[in-house]
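Inspection log for the structure reproduced underneath, given as structure tokens.
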Amino acid sequence: MKKIGYFPPPSEKNSYTIRMRDLLGQFGDVTPLSPKNWKNTIFSKNKYDIIVFNWLENRCFGKDGKFKFLSFIISMLWFSMMRYSSRNIIYVRHNVYPHNIYDGNKNLSVKIMDYFESKSSHTIVHSKSACSAGRIYVPHPLYDLRSVYPVNEIDEEMYFVCFGRIEKYKKLDELIKSWPLDLKLIVAGSSDDKDYCFQLKALAAGKKIEIVDKFISDEEAYNLVSRAEYSILPSDSKSMIVSGSFFFSISAGTPVIAVKSDFYNSLNVYNSELILVNGIGDIGVALQNLPKKQKIMSSEFMSQFSDDAIIKSLRVIIK
């Protein structure tokens, strides 16, 4: 069995990290890593066989998207120490650049990510469209969702849902402005930007739109998303490689309406699990004459993201 390190430490606030830890557990013992515990890693008697890094570049920038020099130095030093402590480094590139990066720092953030990628043994991406030379495509995992009885019963009225962190780059304000008056929409997710949430609530006034700006557990989110007619994903951000909200939605058995991107275009789509539109302004048109919601995702579609498919892809680099 291999000795595998994983950053960031798996957390219920990010189910992706838990799913990937469990899948990597098929290859060996997985240990969470953090810069705070660097001594335990670097002075370990036995080297790690593999260390997997996710979102390390985010530590170099604040929540406001501005560059943090001290955090950058710490991240670089820690990355270098981890390279010394492991036979192989796997860098998972989730984005082209961090979503909420300050415009003036986009090029810098890309250079930092390119550096991590160049110094790693392997780079993983979860989209075939981003799988350029030297990168390995590994399907994004589906989520293991469980339903619980909700604290508040969800209205029997038909509704649509936009679930995930509430961030400006997703252009939720544009979605709300163009949303039809006769349809119900629930926008739900945590946010660090209270001013933006206040703006969204003001825009939603007079419409059948509810803004739930708080952390929502996977169990609560499953109850919300699985009962929706469709999941609405309005972001057309150039920073995105994949959408975690897309995978959560299909894991909950709910089809998706999304703005076209290289990621969505790379998928093998069956039986209307995914409806693509050219822009946010076209979502309203797509909402007219929608096909009936499919309660079950086709096996052909879901098999693209099965645990077996992921493990098979990982075996290319974990031997």
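The values are calculated or read from the model by the stated rules, or taken from the named source; none is laboratory data. In this text, all values refer to a predicted model and were calculated from it rather than measured experimentally. With ideal geometry, Cβ positions are generated from the backbone for all residues, glycine too; neighbour counts draw on all protein chains shown.
Restricting attention to the stretch 71-101, the residues that are within 20 Å of the chain's Cα centre (by Cα) and hydroxyl-bearing (Ser, Thr, Tyr) add up to 2.
If you go through the stretch 101-120 one residue at a time, do you hit one that is polar (S, T, N, Q), modelled with pLDDT of 95 or more and surrounded by 15 or more Cβ atoms within 10 Å (Cβ to Cβ)? Yes: one or more hits.
In summary, residue 137 fulfils each of the numbered conditions (1) among the hydroxyl-bearing types (Ser, Thr, Tyr); (2) surrounded by 17 or more Cβ atoms within 10 Å (Cβ to Cβ); (3) in contact (Cβ under 8 Å) with a residue 60 or more places away in the chain with the single exception of condition (2).
Of everything listed in (1) in contact with a Gly (Cβ under 9 Å, 6 or more places away or on another chain); (2) acidic (Asp, Glu); (3) at pLDDT 90 or above, the single unmet condition for residue 236 is (3). The test for being touching a strand residue (DSSP E or B) at 6+ places or on another chain (Cβ under 9 Å), in a loop (DSSP other than H, G, I, E, B) and at pLDDT below 90 holds for residue 157.
When residues of the stretch 180-209 are filtered for being within 20 Å of residue 281 (Cα to Cα) and acidic (Asp, Glu), how many remain? Counting residues in the stretch 180-209 that are within 20 Å of residue 281 (Cα to Cα) and acidic (Asp, Glu) gives 1. Of the residues making up the stretch 118-131, those that are out of contact with any Phe, Trp or Tyr (no Cβ under 7 Å at 6 or more places or on another chain) and either over 10 Å from residue 93 (Cβ atoms) or among the acidic types (Asp, Glu) (or both) number 4. Restricting 106, 68, 119 to residues that are among the charged types (D, E, K, R) and under 21 Å from the mean Cα position of the chain (by Cα) narrows the list to 106.
Only helices (runs of 4 or more DSSP H) whose full extent lies in the stretch 210-270 are considered here, and the ones with at least 2 residues that are under 18 Å from residue 94 (Cβ atoms) are 244-251, 262-265.
Kindly indicate the residue of the stretch 160-170 that is closer than 15 Å to residue 211 by Cβ and not in a strand (DSSP E or B) and also farthest from the chain's Cα centre (by Cα) among those meeting that condition. The qualifying residue farthest from the chain's Cα centre (by Cα) is 168. Candidates are the residues of the stretch 232-258 that are within 20 Å of residue 300 (Cβ to Cβ) and polar (S, T, N, Q); the one that is surrounded by the most Cβ atoms within 10 Å (Cβ to Cβ) is 249.
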